[in-house]
Amino acid sequence: MRILILGPQGSGKGTQAKLVASSLGIPHVATGDMLRAAVANGSELGRRVQPILERGDLVPDELMVELIRARLVDEDGFVLDGFPRTVPQAEALDAMLDEIAKPLDVVLLLEVSDEVSLERLLGRRADEGRSDDAPDAIENRLRLYHELTEPVVERYRAKGTLAPVDGEQPVDDVAREIEDALGRVGAPQA
Ligand code: ADP
């Protein structure tokens, strides 16, 4: 099953993506994790993206599309988290998956208000110390989400593949709603 999960920063996207991936036995492909791993191992890619991540800006589309193409090429199923974040990225993803006749089965959207996002991100900062969880970078990331990623949400809503889920509930309730949504798409539950 090919699942895309969308939602603003702090919506619990990463947490839910991991749960779904492990329950279905498919990889959790998270671009933020891939980029942070590149920074941590000091690769050329890592050196290039480090200042971008710290500001909470977006890595250029071309670079992200190539990264994701290489990562998804041999996968039949996945939970994709953090990509696409812009309309050009979504167009590239859809074209890429159409080419290999492996379209997305469902696009989950975790809905949370900006207030809840902010509160959770500031809390996470204390726990995890992510350098892009500083207030300026958080504000920038949420602004970019509204400006560039919401049009991606609307694109999938128009295609009829969007399954909205209330992300302000406790983790277990969100997970249950997601399971129901996947059941409706006819997911072979592992
Ligand atoms: P969050 O969703 O909380 O911002 P992520 O871990 O998904 O965190 O991403 C961290 C950072 O990695 C982003 O702020 C951005 O700089 C970069 N990034 C991740 N995915 C993409 C993408 N698809 N396009 C551009 N930049 C990305």
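The values are calculated or read from the model by the stated rules, or taken from the named source; none is laboratory data. Note that the structure is predicted; figures quoted are calculated from it, not measured. Virtual Cβ from ideal backbone geometry, glycine too; neighbours counted across all protein chains shown. Note: accessible area is taken over every heavy atom of the protein model, side chains too, but ligands, DNA and RNA are not part of it. Shrake-Rupley method; radii C 1.70, N 1.55, O 1.52, S 1.80 Å.
Restricting attention to the range 18-61, the residues being of a type in the set (Gly, Ala, Ser), farther than 25 Å from Val171 by Cα and near the ligand (Cβ under 7 Å from one of its atoms) number 1.
Taken across the range 32-43, residues that are touching a residue at least 60 places away in the same chain (Cβ under 8 Å), on the phi > 0 side of the Ramachandran plot and either polar (S, T, N, Q) or open to solvent by less than 50 Å² (accessible area, probe 1.4 Å) (or both) do not occur at all. Scanning the range 141-168 for residues that are open to solvent by less than 50 Å² (accessible area, probe 1.4 Å) and away from the ligand (no atom under 16 Å from the Cβ) yields a total of 4. At pLDDT 95 or above, farther than 17 Å from Lys13 by Cβ and open to solvent by less than 70 Å² (accessible area, probe 1.4 Å): which single residue out of Asp173, Asp94, Asp81 fits that description? The unique qualifying residue is Asp94.
If you go through the range 86-100 one residue at a time, do you hit one that is in contact with a strand residue (DSSP E or B) (Cβ under 8 Å, 6 or more places away or on another chain) and away from the ligand (no atom under 13 Å from the Cβ)? Within the range 86-100 (the criterion being in contact with a strand residue (DSSP E or B) (Cβ under 8 Å, 6 or more places away or on another chain) and away from the ligand (no atom under 13 Å from the Cβ)), the answer is yes, since at least one residue qualifies.
In the set (1) part of a loop (DSSP other than H, G, I, E, B); (2) out of contact with any Lys or Arg (no Cβ under 8 Å at 6 or more places or on another chain); (3) within 14 Å of the ligand (Cβ to nearest atom), Gly10 fails one condition alone, (2).
Taking the conditions (1) under 17 Å from the mean Cα position of the chain (by Cα); (2) open to solvent by less than 60 Å² (accessible area, probe 1.4 Å) in turn, Arg120 satisfies each one other than (2).
Restricting attention to the range 123-140, the residues being surrounded by 12 or more Cβ atoms within 10 Å (Cβ to Cβ) and in contact with a Leu (Cβ under 8 Å, 6 or more places away or on another chain) number 4. So is Thr15 more than 7 Å from the ligand (Cβ to nearest atom), touching a residue at least 24 places away in the same chain (Cβ under 8 Å) and of a type in the set (Val, Ile, Thr) or not? The answer is yes for Thr15.
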